[in-house]
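Okay, structure first, notes after.
Each reported figure results from applying straightforward, stated rules to the coordinates on display, with no laboratory input. Fair warning: this is a prediction, and the values are worked out from it, not measured in the lab. No Cβ is skipped: glycine too gets one built from the backbone with ideal geometry, and neighbour counts run over all protein chains shown.
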Amino acid sequence: MLKVGLTGGIASGKSVVGEMFAKLGAHLVLADAVAHELMQPGQAVYDEVVRRFGREILEPDGTINRRRLAEAAFGTPGSGAAPRVNELNAIVHPAVVARQDAWTEEIGREHPDAVAIVEAALILEAGVAGRFDRLIVVTCRPEQRIQRFARRLGISEEAARAEVTRRMAAQLSDEEKVKAADFVIDNSGSLDATEHQVRDVFAVLRQEAGRKK
């Protein structure tokens with residue numbers, strides 16, 4: 001089995017690229033979905049996040065409002081409060097990584113020649129790149145990032161620019177990510193162009209996975 005990390009900056013199109021790999025036959029797990037599951041009521045991560053960030057981040061039904069949590073972690077413009085994103089990551093990341101490890105072990109047992117992809121925003125920032133055999137970085141142009149983020153949340157481009165800038169401050173730049181990558185997918189063109197790159201990369205990954213079987 002070949003373990004592959006798939007990463008990139010906010011709104012670069014990681015999820016779209018991950019879906020393309022999955023359609024070609026890769027096994028895919030999304031770190032964000034794992035984190036969302038771990039932050040449900042009854043989970044140890046949920047309890048610790050609420051203890052540290054307060055019940056103000058909760059909805060009336062007890063679930064975590066992710067927008068409020070993001071504001072508490074990244075800070076809001078003009079608040080003067082120091083960002084607490086590292087504090088949040090220290091709670092969530094170890095549990096997410098443990099769940100991902102269990103997933104890849106299961107895939108390896110059931111499919112020894114599989115390409116197992118973990119899509120996560122902070123692979124490099126969290127220092128877990130060494131857990132993967134190959135690293136793929138997705139990039140796009142800065143303005144596209146803002147436009148895509150605005151469409152995703154249904155907000156103005158001005159608001160998206162402020163939010164993207166805030167979140168990117170907690171991430172490595174695209175240039176730094178690219179330096180660490182084995183493969184780079186440029187997602188600034190058409191979907192067809194992106195898909196062509198994905199097919200080329202997957203062909204290489206599948207060969208490598210076969211050799212590792």
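Roughly how many nanometres apart are two label points built 7 Å out from the Cα toward the Cβ at Ala169 and Arg199?
4.3 nm
Quick check on the chain: helices-only [θ] at 222 nm, where DSSP H runs of length 4 and up contribute -39,500 (n - 2.57) each and the sum goes over total residues. Nearest 500, please.
Values: 9 runs with 117 residues, N = 213.
Mean residue ellipticity at 222 nm (helix-derived): -17500 deg cm²/dmol.
With r as the distance between the Cβ atoms of Thr63 and Ala22 and R0 = 22 Å, compute the FRET efficiency 1/(1 + (r/R0)^6) and round to 0.05.
Efficiency for this residue pair is about 0.20.
Counting only residues 5 or more places away or on other chains, whose amide H sits under 5 Å from the amide H of Ile185 once H atoms are built in the peptide plane?
Amide H neighbours of Ile185: Val137, Val138, Thr139.
Which percent, to the nearest 5, of DSSP beta bridges fully inside segment 1-138 are antiparallel?
Around 5 percent antiparallel, to the nearest 5.
Quick one: helix 44-53 against the long Cα principal axis of the chain, what's the angle to the nearest 10°, folded into 0 to 90?
Approximately 40 degrees, to the nearest ten.
Count of lysine pairs in the chain with Cα atoms under 21 Å apart, counting only pairs 8 or more residues apart in sequence or on different chains?
9
Mean-square fluctuation check for the chain, GNM, Cα pairs under 10 Å: which of Asn89, Asn65, Asn187 is largest?
Comparing Asn89, Asn65, Asn187 in a Gaussian network model of the chain, the most mobile one is Asn65.
So if we plug the beta-carbon distance of Gln144 and Asp101 into 1/(1 + (r/R0)^6) with R0 = 41 Å, what FRET efficiency do we get, rounded to 0.05? Could the numbers behind the result be given before it?
Details: r = 33 Å, r/R0 = 0.81.
The computed FRET efficiency comes out at 0.80.
Whole angstrom only: what separates the Cα centroid of segment 143-157 from the Cα centroid of segment 195-213?
Comparing the Cα centres of segment 143-157 and segment 195-213, I get a distance of 32 Å.
Report, in debye and to the nearest 20, how large the dipole of segment 2-212 comes out about its Cα centre when Lys and Arg carry +1 and Asp and Glu carry -1 on their Cβ. Don't skip to the end; give the middle numbers.
On the way: 28 positive and 31 negative charges, 39 e Å.
Its charge dipole is roughly 180 debye.
Springs between alpha-carbon pairs under 10 angstrom, Gaussian network model over the chain: which of Ala203, Ala181, Ala114 fluctuates most?
Residue with maximal mean-square fluctuation among Ala203, Ala181, Ala114: Ala203.
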